[in-house]
Amino acid sequence: MKKKPVKPKISRVAPYSSAHKKYLQKQRNDKIFVLIMQIMLLVLAIGLWELLAVTNVVDPFFVSSPSRIFKMFVSLVASGTIWKHVGITLLETIIGFLIATFGGTLIAILLWWNQKLRRILEPYIVVLNSLPKIALGPIIILWFGSGMSAIVVMCILITIVLTTISMLNAFNSCDADKIQLLKSMHANKFQIFWKLILPNATDEFISVLKINVGMSWVGTIMGEYLSSSAGLGFLIVYGSQIFKIDLVMTSTVLLCLLAALMYMAVCLIEKIHSR
Amino acid sequence: MSKLLSFKDVNFFYQTKAEEIQALKDLSFDIDYQEFASIVGPSGCGKTTILSLIAGLLEKSSGEILLDGKPIQKNDSRIGYMFQRDQLFEWRTIWQNVTLSIEISKPKNADQKKELAKELLKKYDLYDFISSKPRALSGGMRQRVALIRTLVMEPSLLLLDEPFSALDFQTRLNVCDDVYGIIKNEKKTAILVTHDISEALSMSNKVIVLSSRPASVKHVQILNLNGETPLSRREAPNFGELFDLIWKTLTNEKETC
């Protein structure tokens with residue numbers, strides 16, 4: 001086909017009548033209301049926390065306060081140390097996230113391709129999934145040392161099994177009639193996988209990405225708790241050991257922000273995909 | 001008319017953990033060139049199995065299946081299969097859906113087949129939608145796309161496995177007319193598997209009634225209904241009479257099973 005396909009003109013949503021205009025206005029108002037309430041909830045929580053701490057209703061030594069967290073953050077930025085810790089944790093998380101997501105998907109592809117292998121490995125995967133990965137902490141440190149590699153391995157272990165199970169389920173749940181359709185076109189196994197199984201599992205892959213964002217942060221922080229000399233997890237452990245709750249809270253808030261940013265990046269991928 | 005497809009004493013057994021099930025027993029029938037034949041039978045009697053055997057998706061246990069007088073081959077490109085529901089791939093555009101079989105089989109005359117796809121899309125009012133995703137199309141349009149996807153490889157024999165079963169009654173009547181019109185225009189031979197007697201009567205020249213499992217041919221009814229389209233054939237004077245005949249043959253079958 002040489003000519004570029006003609007795209008049908010689809011009109012944008014525009015009000016058709018006064019009732020429709022009202023409906024659209026209500027939708028917009030609802031959206032704005034939800035956003036305002038979300039912001040207000042945050043402001044209220046921060047305000048209440050600050051008020052309770054300032055009036056000594058709660059002891060700032062144990063619960064810190066927003067202003068103390070802000071001061072701590074400013075001092076960490078001024079000393080320049082915070083970026084090193086943020087950078088290390090972020091690097092460990094991204095490496096773990098990428099290896100676990102793509103590694104887990106690759107394993108799922110292998111198991112879909114060879115159903116006998118899947119049946120052989122199934123009980124081991126189930127056991128590995130149920131196992132609390134923190135139990136493997138000492139072994140990981142023994143095998144991989146106490147540096148970044150041990151933390152990344154912990155992150156991968158926590159994320160990879162779930163990725164494999166979810167992606168394998170997605171591959172196996174493909175409509176049997178669609179597979180038959182491709183077989184009736186004389187498609188080989190690779191073509192069935194490439195043209196149908198893989199694109200059919202894209203939505204599930206996006207869900208896995210979203211879950212893995214959370215899981216990889218859990219893995220990294222857990223790894224840093226076990227053994228680290230830098231990173232936000234290290235700061236949290238260090239802060240709690242020297243009773244510096246402001247440091248613990250600042251690191252936790254930073255973790256929240258970073259996790260939210262990573263989640264938003266995945267949402268952006270989803271948005272681009274669904275266009 | 002000469003025979004395009006022949007089933008001669010075909011037997012087929014399914015293997016399950018518990019037992020061996022005979023799905024087809026000494027099944028014999030012929031389909032002529034440019035004939036539109038329907039296969040009706042009790043639920044689960046093996047109608048789809050017959051189509052799967054023709055398409056090479058299953059292998060017969062014994063007997064002969066001949067296409068153009070020669071034993072049917074596993075990857076025979078002369079056969080096009082249209083499944084229950086349209087089975088369009090939602091992530092692909094209409095053009096990508098229609099040319100899917102070209103992408104897969106990579107024929108030498110791929111450009112020619114793409115031209116044919118373009119012509120068919122234009123002829124059946126779908127060309128404006130080639131860049132759209134299937135979700136933008138109505139049920140009837142989706143079925144037309146599915147049929148064009150099958151026709152692109154220029155099969156001699158079309159297998160239609162209850163292709164209208166997912167549609168509501170009114171859409172179904174219109175789509176029947178559309179699909180019938182396309183098949184007749186393109187001078188194709190077709191086998192329709194359906195559980196709907198009136199659909200079978202309105203679309204075919206021949207109705208093959210099967211027995212319950214293991215399926216064998218119980219009755220073959222040659223039809224000569226007046227009317228250009230399936231919808232108009234439903235109004236033919238002897239439509240009701242033929243319906244009763246097929247219905248009684250099927251009901252007797254159900255009573256005996």
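The values are calculated or read from the model by the stated rules, or taken from the named source; none is laboratory data. The structure displayed is predicted, hence computed values, not measured ones. Backbone-built Cβ (ideal geometry, glycine too); neighbour counts: all protein chains shown. Remember, those area values only see protein heavy atoms, side chains included, never the ligands or the DNA or RNA. Shrake-Rupley method; radii C 1.70, N 1.55, O 1.52, S 1.80 Å.
If you go through segment A:204-250 and keep only what is within 19 Å of residue A:64 (Cα to Cα), in contact (Cβ under 8 Å) with a residue 40 or more places away in the chain and either in a helix (DSSP H, G or I) or open to solvent by less than 10 Å² (accessible area, probe 1.4 Å) (or both), you end up with A:232, A:233, A:234, A:235, A:245, A:246, A:247, A:248, A:249, A:250.
Within segment A:171-187, not a single residue is more than 12 Å from chain B (Cβ to nearest Cβ), under 19 Å from the mean Cα position of the chain (by Cα) and without any contact (Cβ under 8 Å) to a residue 60 or more places away in the chain. Within segment A:159-199, the set of residues being more than 22 Å from residue A:117 (Cα to Cα), assigned to a helix (DSSP H, G or I) and either open to solvent by 20 Å² or more (accessible area, probe 1.4 Å) or not assigned by TED's automatic domain parsing to the domain that holds residue A:137 (or both) comprises A:177, A:178, A:180, A:183, A:195, A:199. Counting the residues of segment A:237-256 that are touching a Leu at 6+ places or on another chain (Cβ under 8 Å) and among the aliphatic types (A, V, I, L, M) gives 4. Taken together, the residues in segment B:157-185 that are open to solvent by 20 Å² or more (accessible area, probe 1.4 Å) and farther than 22 Å from residue B:56 by Cβ amount to 16. Tell me whether segment A:165-182 contains one or more residues that are over 30 Å from residue B:149 (Cα atoms) and among the aliphatic types (A, V, I, L, M). Taking every residue of segment A:165-182 in turn, at least one turns out to be over 30 Å from residue B:149 (Cα atoms) and among the aliphatic types (A, V, I, L, M).
Picking from residues in segment B:81-98 that are within 16 Å of the chain's Cα centre (by Cα) and at the interface with chain A (Cβ under 8 Å from one of its Cβ atoms), the one that is nearest to residue B:183 (Cα to Cα) is B:81.
Residues in segment A:72-111 that are within 23 Å of residue A:247 (Cα to Cα) and either of a type in the set (Asp, Glu) or open to solvent by less than 50 Å² (accessible area, probe 1.4 Å) (or both): A:72, A:76, A:80, A:82, A:85, A:86, A:87, A:88, A:89, A:92, A:93.
Taking residue A:74, is it part of a helix (DSSP H, G or I), of a type outside the set (Asp, Glu) and either more than 27 Å from the chain's Cα centre (by Cα) or at pLDDT below 90 (or both)? So residue A:74 fits the description; yes. Note on segment B:69-78: residues that are open to solvent by less than 20 Å² (accessible area, probe 1.4 Å) and facing chain A (nearest Cβ under 8 Å) amount to 0.
Being out of contact with any helix residue (DSSP H, G or I) (no Cβ under 9 Å at 6 or more places or on another chain) and touching a residue at least 40 places away in the same chain (Cβ under 8 Å) is a description that does not apply to residue B:224.
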